[in-house]
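The values are calculated or read from the model by the stated rules, or taken from the named source; none is laboratory data. Keep in mind that what you see is a predicted model, and the values were worked out from it rather than measured. Methodologically, a virtual Cβ is constructed for each residue, glycine included, from the backbone with ideal geometry; neighbour enumeration extends over all protein chains shown.
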Amino acid sequence: MSFLFDKSYYEISPKNGCSPFQTMIAYLGGSAFQTIVDNPVTAYRQLVQQYAKGLDGKAVDPAIARAEANAVFKNAPVSASLSGLVPRLIGVGFKRIPKFGILLGVSYFLEEGGNVGYTAATAASIFSAPFINPIRMIEKQQRAFYKTTGVEKPIKEILKEAASQNFRPLFRGTIPLMGHSLASATTGLVGQPQLQKWIKEQLATSPAGSKLGTFATGLISSAAVSPIYIVMTNPLSRLEVIMQTSAIKGKAISLPAAIKEVIVDSKEFGLRGIFRGQGIGVAKAIISLTMFHQGRIYLTEAFKERNERLGYIKPS
(Lines give C-alpha, C1' and ligand atoms only; values in the text may rest on other atoms or scores of the structure.)
Protein backbone atom coordinates (compact mmCIF):
# COMPACT_ATOMS: atom_id res chain seq x y z
CA MET A 1 0.00 0.00 0.00
CA SER A 2 3.07 2.28 -0.05
CA PHE A 3 2.03 3.56 -3.48
CA LEU A 4 -0.70 5.59 -1.72
CA PHE A 5 2.03 7.81 -0.32
CA ASP A 6 3.87 8.14 -3.61
CA LYS A 7 3.51 11.60 -5.12
CA SER A 8 3.24 10.17 -8.65
CA TYR A 9 0.00 8.36 -7.68
CA TYR A 10 -1.72 11.76 -7.52
CA GLU A 11 -0.09 13.33 -10.57
CA ILE A 12 -2.29 13.97 -13.61
CA SER A 13 -1.57 11.74 -16.60
CA PRO A 14 -1.67 13.54 -19.97
CA LYS A 15 -3.04 10.37 -21.59
CA ASN A 16 -6.45 10.45 -19.93
CA GLY A 17 -6.44 13.72 -17.98
CA CYS A 18 -6.70 12.00 -14.59
CA SER A 19 -4.32 10.82 -11.89
CA PRO A 20 -4.01 7.11 -11.07
CA PHE A 21 -5.87 7.86 -7.83
CA GLN A 22 -8.77 9.49 -9.68
CA THR A 23 -8.89 6.61 -12.16
CA MET A 24 -9.12 4.13 -9.28
CA ILE A 25 -11.97 6.12 -7.68
CA ALA A 26 -13.79 6.15 -11.04
CA TYR A 27 -13.48 2.37 -11.33
CA LEU A 28 -14.69 1.85 -7.75
CA GLY A 29 -17.60 4.24 -8.26
CA GLY A 30 -18.64 2.49 -11.46
CA SER A 31 -18.43 -0.85 -9.67
CA ALA A 32 -20.64 0.35 -6.79
CA PHE A 33 -23.24 1.70 -9.24
CA GLN A 34 -23.25 -1.59 -11.17
CA THR A 35 -23.53 -3.63 -7.96
CA ILE A 36 -26.67 -1.82 -6.77
CA VAL A 37 -28.42 -1.97 -10.16
CA ASP A 38 -27.72 -5.62 -11.04
CA ASN A 39 -28.17 -7.22 -7.59
CA PRO A 40 -31.72 -8.58 -8.19
CA VAL A 41 -30.57 -10.25 -11.42
CA THR A 42 -27.48 -11.63 -9.68
CA ALA A 43 -29.60 -13.11 -6.88
CA TYR A 44 -32.10 -14.67 -9.30
CA ARG A 45 -29.35 -16.24 -11.42
CA GLN A 46 -27.73 -17.85 -8.37
CA LEU A 47 -31.01 -19.42 -7.30
CA VAL A 48 -31.66 -20.79 -10.80
CA GLN A 49 -28.22 -22.42 -10.78
CA GLN A 50 -28.37 -23.50 -7.14
CA TYR A 51 -31.73 -25.25 -7.51
CA ALA A 52 -30.25 -27.54 -10.18
CA LYS A 53 -30.51 -30.25 -7.51
CA GLY A 54 -33.56 -31.26 -5.57
CA LEU A 55 -33.63 -32.02 -1.85
CA ASP A 56 -32.92 -35.67 -2.77
CA GLY A 57 -29.62 -34.63 -4.34
CA LYS A 58 -30.69 -35.49 -7.90
CA ALA A 59 -30.58 -33.08 -10.85
CA VAL A 60 -33.91 -31.47 -11.72
CA ASP A 61 -35.17 -30.06 -14.99
CA PRO A 62 -34.02 -26.43 -15.56
CA ALA A 63 -37.69 -25.41 -15.89
CA ILE A 64 -38.37 -26.68 -12.36
CA ALA A 65 -35.31 -24.82 -11.02
CA ARG A 66 -36.58 -21.59 -12.61
CA ALA A 67 -40.04 -22.16 -11.11
CA GLU A 68 -38.51 -22.57 -7.64
CA ALA A 69 -36.44 -19.41 -8.06
CA ASN A 70 -39.57 -17.58 -9.21
CA ALA A 71 -41.41 -18.81 -6.13
CA VAL A 72 -38.71 -17.39 -3.84
CA PHE A 73 -38.96 -13.98 -5.51
CA LYS A 74 -42.77 -14.02 -5.41
CA ASN A 75 -42.82 -14.86 -1.70
CA ALA A 76 -40.16 -12.31 -0.72
CA PRO A 77 -39.48 -9.96 -3.65
CA VAL A 78 -37.72 -7.21 -1.69
CA SER A 79 -35.52 -9.34 0.56
CA ALA A 80 -34.64 -11.70 -2.30
CA SER A 81 -33.71 -8.78 -4.56
CA LEU A 82 -31.55 -7.19 -1.86
CA SER A 83 -30.01 -10.46 -0.63
CA GLY A 84 -26.23 -10.40 -0.72
CA LEU A 85 -26.14 -6.67 -1.51
CA VAL A 86 -24.34 -5.65 1.70
CA PRO A 87 -21.36 -8.00 1.23
CA ARG A 88 -21.28 -7.09 -2.45
CA LEU A 89 -21.06 -3.37 -1.61
CA ILE A 90 -18.44 -4.07 1.05
CA GLY A 91 -16.75 -6.14 -1.62
CA VAL A 92 -16.43 -3.07 -3.84
CA GLY A 93 -13.63 -2.19 -1.43
CA PHE A 94 -12.29 -5.60 -0.44
CA LYS A 95 -12.70 -7.14 -3.91
CA ARG A 96 -12.23 -4.25 -6.29
CA ILE A 97 -9.34 -2.40 -4.67
CA PRO A 98 -6.97 -5.39 -5.08
CA LYS A 99 -8.33 -6.23 -8.56
CA PHE A 100 -8.44 -2.70 -9.92
CA GLY A 101 -5.23 -1.83 -8.07
CA ILE A 102 -3.34 -4.63 -9.81
CA LEU A 103 -5.15 -3.96 -13.10
CA LEU A 104 -4.38 -0.24 -13.18
CA GLY A 105 -0.95 -0.68 -11.59
CA VAL A 106 0.23 -3.08 -14.29
CA SER A 107 -1.47 -0.92 -16.91
CA TYR A 108 0.38 2.22 -15.81
CA PHE A 109 3.65 0.24 -15.50
CA LEU A 110 3.19 -0.82 -19.12
CA GLU A 111 2.36 2.81 -19.94
CA GLU A 112 -1.11 2.01 -21.22
CA GLY A 113 -2.54 5.14 -19.57
CA GLY A 114 -6.29 4.87 -19.02
CA ASN A 115 -6.67 1.96 -21.45
CA VAL A 116 -6.02 -1.43 -19.84
CA GLY A 117 -4.73 -4.39 -21.84
CA TYR A 118 -4.85 -8.17 -21.61
CA THR A 119 -1.59 -8.52 -19.63
CA ALA A 120 -2.93 -6.28 -16.86
CA ALA A 121 -6.29 -8.10 -16.92
CA THR A 122 -4.61 -11.51 -16.56
CA ALA A 123 -2.44 -10.39 -13.64
CA ALA A 124 -5.42 -8.81 -11.87
CA SER A 125 -7.55 -11.94 -12.30
CA ILE A 126 -5.00 -14.32 -10.82
CA PHE A 127 -3.59 -12.28 -7.94
CA SER A 128 -6.84 -10.71 -6.75
CA ALA A 129 -8.77 -14.03 -6.45
CA PRO A 130 -7.81 -14.73 -2.79
CA PHE A 131 -9.18 -11.29 -1.84
CA ILE A 132 -12.37 -11.63 -3.88
CA ASN A 133 -13.39 -15.19 -3.05
CA PRO A 134 -14.35 -14.74 0.65
CA ILE A 135 -16.76 -11.92 -0.28
CA ARG A 136 -18.37 -14.01 -3.03
CA MET A 137 -18.66 -16.94 -0.63
CA ILE A 138 -20.43 -14.82 2.00
CA GLU A 139 -22.71 -13.30 -0.65
CA LYS A 140 -23.82 -16.73 -1.89
CA GLN A 141 -24.20 -18.15 1.61
CA GLN A 142 -26.57 -15.31 2.49
CA ARG A 143 -29.12 -16.45 -0.10
CA ALA A 144 -28.20 -20.16 -0.22
CA PHE A 145 -30.91 -21.37 2.17
CA TYR A 146 -33.94 -19.35 1.05
CA LYS A 147 -35.74 -22.53 0.00
CA THR A 148 -35.72 -23.97 3.54
CA THR A 149 -35.66 -20.88 5.77
CA GLY A 150 -37.25 -18.18 3.60
CA VAL A 151 -34.86 -15.56 4.99
CA GLU A 152 -31.38 -14.23 4.30
CA LYS A 153 -28.62 -15.83 6.40
CA PRO A 154 -26.91 -13.22 8.64
CA ILE A 155 -23.29 -12.34 7.83
CA LYS A 156 -22.36 -12.71 11.50
CA GLU A 157 -23.58 -16.31 11.52
CA ILE A 158 -21.66 -17.12 8.32
CA LEU A 159 -18.44 -15.69 9.74
CA LYS A 160 -18.94 -17.53 13.03
CA GLU A 161 -19.32 -20.85 11.21
CA ALA A 162 -16.27 -20.13 9.04
CA ALA A 163 -14.21 -19.08 12.07
CA SER A 164 -14.75 -22.50 13.67
CA GLN A 165 -12.75 -23.92 10.72
CA ASN A 166 -10.08 -21.17 10.69
CA PHE A 167 -11.98 -19.41 7.86
CA ARG A 168 -10.93 -22.06 5.32
CA PRO A 169 -14.51 -22.41 3.95
CA LEU A 170 -14.36 -18.80 2.72
CA PHE A 171 -11.87 -19.90 0.07
CA ARG A 172 -14.07 -22.56 -1.51
CA GLY A 173 -14.30 -22.07 -5.27
CA THR A 174 -11.14 -19.97 -5.64
CA ILE A 175 -9.83 -21.91 -8.66
CA PRO A 176 -12.96 -21.55 -10.85
CA LEU A 177 -13.13 -17.93 -9.69
CA MET A 178 -9.70 -17.27 -11.25
CA GLY A 179 -10.98 -18.49 -14.63
CA HIS A 180 -14.23 -16.56 -14.19
CA SER A 181 -12.36 -13.40 -13.23
CA LEU A 182 -10.00 -13.73 -16.20
CA ALA A 183 -12.88 -14.08 -18.65
CA SER A 184 -14.66 -11.16 -16.98
CA ALA A 185 -11.60 -8.92 -17.15
CA THR A 186 -10.64 -9.71 -20.74
CA THR A 187 -14.16 -9.33 -22.13
CA GLY A 188 -15.65 -6.76 -19.75
CA LEU A 189 -12.76 -4.52 -18.74
CA VAL A 190 -10.73 -4.76 -21.95
CA GLY A 191 -12.97 -6.01 -24.76
CA GLN A 192 -16.04 -3.86 -24.07
CA PRO A 193 -14.24 -0.47 -24.08
CA GLN A 194 -12.31 -1.43 -27.23
CA LEU A 195 -15.50 -2.53 -28.97
CA GLN A 196 -17.32 0.62 -27.81
CA LYS A 197 -14.53 2.77 -29.27
CA TRP A 198 -14.72 0.88 -32.58
CA ILE A 199 -18.53 1.22 -32.70
CA LYS A 200 -18.25 4.97 -32.08
CA GLU A 201 -15.77 5.28 -34.95
CA GLN A 202 -18.00 3.30 -37.30
CA LEU A 203 -21.18 5.16 -36.37
CA ALA A 204 -19.49 8.56 -36.67
CA THR A 205 -19.49 8.20 -40.46
CA SER A 206 -23.31 8.19 -40.64
CA PRO A 207 -25.61 11.12 -39.69
CA ALA A 208 -27.87 8.93 -37.56
CA GLY A 209 -25.03 7.03 -35.91
CA SER A 210 -23.11 10.17 -35.00
CA LYS A 211 -26.03 11.26 -32.80
CA LEU A 212 -25.69 8.22 -30.52
CA GLY A 213 -24.17 9.07 -27.17
CA THR A 214 -21.88 7.17 -24.84
CA PHE A 215 -24.73 5.30 -23.14
CA ALA A 216 -26.17 3.99 -26.43
CA THR A 217 -22.81 2.86 -27.81
CA GLY A 218 -21.96 1.35 -24.43
CA LEU A 219 -25.22 -0.60 -24.42
CA ILE A 220 -24.60 -1.86 -27.97
CA SER A 221 -21.04 -2.96 -27.18
CA SER A 222 -22.14 -4.61 -23.89
CA ALA A 223 -24.87 -6.50 -25.76
CA ALA A 224 -22.29 -7.70 -28.29
CA VAL A 225 -19.71 -8.78 -25.69
CA SER A 226 -22.11 -10.32 -23.15
CA PRO A 227 -23.03 -13.57 -25.00
CA ILE A 228 -19.31 -14.32 -25.48
CA TYR A 229 -18.62 -13.56 -21.84
CA ILE A 230 -21.48 -15.74 -20.59
CA VAL A 231 -20.54 -18.73 -22.77
CA MET A 232 -17.05 -18.50 -21.26
CA THR A 233 -18.12 -17.99 -17.65
CA ASN A 234 -21.44 -19.77 -17.16
CA PRO A 235 -19.93 -23.25 -16.53
CA LEU A 236 -17.38 -21.66 -14.18
CA SER A 237 -20.17 -19.80 -12.41
CA ARG A 238 -21.98 -23.14 -11.96
CA LEU A 239 -18.88 -24.60 -10.31
CA GLU A 240 -18.65 -21.61 -7.96
CA VAL A 241 -22.31 -21.92 -6.98
CA ILE A 242 -22.00 -25.67 -6.34
CA MET A 243 -18.90 -25.24 -4.19
CA GLN A 244 -20.00 -22.11 -2.32
CA THR A 245 -23.64 -22.84 -1.49
CA SER A 246 -23.12 -26.08 0.43
CA ALA A 247 -23.45 -25.72 4.20
CA ILE A 248 -20.25 -24.46 5.84
CA LYS A 249 -20.74 -26.91 8.70
CA GLY A 250 -21.12 -29.77 6.23
CA LYS A 251 -18.58 -31.48 3.99
CA ALA A 252 -16.99 -29.19 1.40
CA ILE A 253 -17.59 -30.00 -2.26
CA SER A 254 -14.26 -30.33 -4.08
CA LEU A 255 -13.60 -28.99 -7.58
CA PRO A 256 -13.54 -32.52 -9.14
CA ALA A 257 -16.85 -33.32 -7.41
CA ALA A 258 -18.39 -30.07 -8.69
CA ILE A 259 -17.18 -30.82 -12.23
CA LYS A 260 -18.67 -34.31 -11.97
CA GLU A 261 -22.00 -32.81 -10.90
CA VAL A 262 -22.07 -30.54 -13.96
CA ILE A 263 -21.21 -33.51 -16.20
CA VAL A 264 -24.05 -35.55 -14.72
CA ASP A 265 -26.36 -32.57 -15.24
CA SER A 266 -25.30 -32.32 -18.90
CA LYS A 267 -25.92 -36.02 -19.47
CA GLU A 268 -29.39 -35.70 -18.00
CA PHE A 269 -30.46 -32.44 -19.64
CA GLY A 270 -27.90 -31.76 -22.39
CA LEU A 271 -26.80 -28.19 -23.01
CA ARG A 272 -29.68 -26.93 -20.87
CA GLY A 273 -27.98 -28.62 -17.94
CA ILE A 274 -24.56 -27.08 -18.63
CA PHE A 275 -25.88 -23.60 -19.30
CA ARG A 276 -28.45 -23.20 -16.52
CA GLY A 277 -29.01 -19.49 -16.01
CA GLN A 278 -27.51 -18.65 -19.42
CA GLY A 279 -30.34 -16.37 -20.55
CA ILE A 280 -30.53 -14.43 -17.31
CA GLY A 281 -26.73 -14.37 -17.30
CA VAL A 282 -26.66 -12.54 -20.65
CA ALA A 283 -29.19 -10.01 -19.34
CA LYS A 284 -27.13 -9.54 -16.17
CA ALA A 285 -23.92 -9.10 -18.16
CA ILE A 286 -25.46 -6.43 -20.40
CA ILE A 287 -26.79 -4.53 -17.37
CA SER A 288 -23.57 -4.97 -15.35
CA LEU A 289 -21.14 -3.98 -18.10
CA THR A 290 -23.22 -1.00 -19.21
CA MET A 291 -23.77 0.34 -15.68
CA PHE A 292 -20.13 -0.19 -14.66
CA HIS A 293 -18.67 1.57 -17.67
CA GLN A 294 -21.25 4.39 -17.59
CA GLY A 295 -20.43 5.05 -13.95
CA ARG A 296 -16.70 4.83 -14.63
CA ILE A 297 -16.87 7.12 -17.67
CA TYR A 298 -19.06 9.67 -15.85
CA LEU A 299 -16.63 9.93 -12.93
CA THR A 300 -13.57 9.98 -15.20
CA GLU A 301 -15.03 12.85 -17.21
CA ALA A 302 -15.98 14.67 -14.01
CA PHE A 303 -12.41 14.39 -12.72
CA LYS A 304 -11.02 15.48 -16.10
CA GLU A 305 -13.29 18.55 -16.18
CA ARG A 306 -12.23 19.42 -12.62
CA ASN A 307 -8.56 19.12 -13.55
CA GLU A 308 -9.11 21.38 -16.57
CA ARG A 309 -11.06 23.91 -14.48
CA LEU A 310 -8.28 24.07 -11.89
CA GLY A 311 -5.65 24.45 -14.59
CA TYR A 312 -3.91 21.14 -13.94
CA ILE A 313 -4.26 20.18 -17.61
CA LYS A 314 -5.04 22.09 -20.80
CA PRO A 315 -8.68 21.93 -22.03
CA SER A 316 -9.14 19.22 -24.67
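Quick notes on this one:
- Residue among PHE21, PHE100 that is farther than 26 Å from SER222 by Cβ, touching a Phe, Trp or Tyr at 6+ places or on another chain (Cβ under 8 Å) and among the aromatic types (Phe, Trp, Tyr): PHE21
- Filtered residue count, the stretch 147-165, keeping only those that are of a type outside the set (A, V, I, L, M) and touching a Phe, Trp or Tyr at 6+ places or on another chain (Cβ under 9 Å): 3
Every residue, every condition in (1) part of a helix (DSSP H, G or I); (2) β-branched (Val, Ile, Thr); (3) out of contact with any strand residue (DSSP E or B) (no Cβ under 6 Å at 6 or more places or on another chain); (4) in contact (Cβ under 8 Å) with a residue 12 or more places away in the chain, yes or no:
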| site | (1), (2), (3), (4) |
| --- | --- |
| VAL92 | yes, yes, yes, yes |
| ALA121 | yes, no, yes, yes |
| THR148 | yes, yes, yes, no |
| GLU152 | no, no, yes, yes |
| LYS156 | yes, no, yes, no |
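- Test: residue in the stretch 7-15 that is buried (at least 17 other Cβ atoms within 10 Å of the Cβ), in contact (Cβ under 8 Å) with a residue 60 or more places away in the chain, not in a helix (DSSP H, G or I) and not aliphatic (A, V, I, L, M): yes
- Restricting the stretch 94-113 to residues that are touching a residue at least 60 places away in the same chain (Cβ under 8 Å) and of a type in the set (Gly, Ala, Ser) leaves a set whose member that is nearest to ALA69 (Cα to Cα) is GLY101.
- Only listed residue being of a type in the set (S, T, N, Q) and under 30 Å from THR217 (Cα atoms), chosen from SER164, SER181: SER181
- Residues of the stretch 105-114 that are of a type in the set (A, V, I, L, M) and at pLDDT 75 or above: VAL106 alone.
- Scanning the stretch 158-196 for residues that are in contact (Cβ under 8 Å) with a residue 40 or more places away in the chain and of a type in the set (A, V, I, L, M, F, W, C) yields ILE158, ALA162, PHE171, ILE175, LEU177, MET178, LEU182, ALA183, ALA185, LEU189, VAL190.
- Residue in the stretch 40-60 that is touching a His at 6+ places or on another chain (Cβ under 9 Å) and either at pLDDT 85 or above or crowded, with 16+ Cβ neighbours inside 10 Å (or both) present: no
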